[in-house]
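Single-structure report; data block below.
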Amino acid sequence: MKGSLLELFLLYCLMGCAEEKLTKQQHVITDFKARDAGDYQELKTVVDDSITIVSGDYIMPYNHDGFYEQFKWDSVFKPSYEIVALEEKNSHIIAAVTLNSIRNTFLKNSGMTCRYKISFNSEKISKIEELECEGVDWSVWQKERDSLVEWVNKNHPELAGFLTDMTMNGSQKYLKAIVLYEKAKTTL
């Protein structure tokens with residue numbers, strides 16, 4: 001009887017300790033849920049040691065430290081991510097994700113849905129490539145962004161450069177610029 005209990009206990013421990021392997025779709029779900037929750041520690045579990053983000057002509061390779069900086073930059077705008085579709089194609093995942101954030105609302109493009117091609121290396125996410133975004137008016141985006149930059153340069157030069165500063169400090173300046181700009185517009 002003691003032997004049977006010991007064997008059952010060991011079997012239970014071995015089964016409990018065995019790490020369950022996530023599917024590629026589960027990795028993608030974990031990625032966007034972690035972004036939505038602002039949980040970098042969870043996000044880091046599904047991302048490879050290096051990750052490349054491709055958006056239009058911009059190709060940005062990151063190690064974990066650089067990716068964490070990008071994550072912090074993004075988190076200042078309080079983004080929300082909702083996966084609306086996942087499809088496995090060859091060895092990639094195509095994900096359609098709706099994104100809302102303070103920045104996108106300011107740029108008059110809230111609720112945009114983008115499709116991403118997600119690639120893997122050793123079962124971890126190694127590349128996220130933006131394919132297309134629906135519901136986005138890039139000309140309005142650019143007009144709003146350019147108006148903000150011009151206003152900041154004229155009225156708050158201490159915040160200048162926020163657009164290209166991809167650190168948390170840069171996004172905090174960006175957010176402060178939005179708040180000041182909107183306040184100035186409402187007082188006119």
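None of the figures in this text is laboratory data; all of them are computed from the coordinates on show. Everything numeric here is computed off the predicted structure, so don't read it as measured data. When we count neighbours, we look across all protein chains shown, and the Cβ atoms used for this are built from the backbone with ideal geometry, even at glycine.
How far apart, in nanometres, would the label points at GLU134 and ALA184 be if each is projected 7 angstrom from Cα along the Cα-to-Cβ direction?
The two pseudo-label positions are separated by 3.7 nm.
Compute the FRET efficiency between SER126 and LYS176 as 1/(1 + (r/R0)^6), taking r as their Cβ-Cβ distance and R0 = 35 Å, and round to the nearest 0.05.
0.55
Using a ≥ b ≥ c from the Cα gyration tensor of region 137-188 (square roots of the eigenvalues), is it rounded, prolate or oblate, where a/c under 1.5 gives rounded and otherwise the larger of a/b and b/c decides, a/b for prolate?
Oblate, because a/c is 1.5 or more while a/b does not exceed b/c.
Where in region 168-185 is the amide nitrogen less than 17 Å from a point lying 7 Å along the Cα-to-Cβ axis of ILE53?
168-175
For the chain, what does the alpha-carbon gyration tensor say about shape, rounded, prolate or oblate, given a ≥ b ≥ c as the root eigenvalues, a/c under 1.5 as rounded, and a/b over b/c as prolate?
prolate
Can you tell me the 0 to 90 degree angle between the C-alpha axis of helix 138-155 and the longest principal axis of the chain, rounded to 10?
60 degrees
Cα axis of helix 24-37 to longest principal axis of the chain: angle in degrees, 0 to 90, nearest 10?
Rounded to the nearest ten degrees, it is 50.
What nm distance separates the two modelled labels at ARG145 and SER80, each placed 7 Å from Cα along Cα→Cβ?
About 2.4 nm separates the two model spin labels.
7 Å from Cα along Cα→Cβ at both THR23 and ASP165: what's the point-to-point distance in nm?
Between THR23 and ASP165, the label points sit 4.4 nm apart.
Looking at the chain, identify the longest residue range that excludes and avoids all GluC sites (Glu not before Pro) in DSSP loops having at most 16 other Cβ atoms within 10 Å. It would help to have the intermediate numbers written out before the result.
Details: sites that count: GLU19, GLU20, GLU123.
That would be 21-122.
Order by neighbour count: HIS27, HIS92, fewest other Cβ atoms within 10 Å first, most last.
Values: HIS27 19, HIS92 16.
With the sparsest Cβ surroundings first, the list reads HIS92, HIS27.
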